[in-house]
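Engineer: I have a structure here, written as structure tokens, and I will follow up with some questions on it.
Derivation of every value follows stated rules applied to the coordinates shown; laboratory data play no part. Since this is a predicted model, take the numbers as computed values, not measurements.
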């Protein structure tokens with residue numbers, strides 16, 4: 001099963017992923033995006049969040 005991940009080094013904290021999939025992503029205290037519940041990808045469009053990420057910090061992993 002694929003799992004959505006955020007590369008912390010590449011994340012610029014723009015929040016587009018949070019606005020696209022608020023049940024999956026959240027901005028942490030560090031100002032960067034974090035995956036809070038990857039299992040919710042089936043309920044939103046995580047691929048859209050990945051495609052729209054300006055820094056390409058979101059990816060699918062195993």
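Engineer: Percent of alpha carbon pairs in the range 3-56 separated by more than 14 Å?
Structural biologist: 40
Engineer: Express the relative contact order of the chain as a whole percentage, based on alpha carbon pairs under 8 Å and six or more residues apart in sequence.
Structural biologist: Working: 103 pairs, mean separation 28.6, N = 62.
46 percent.
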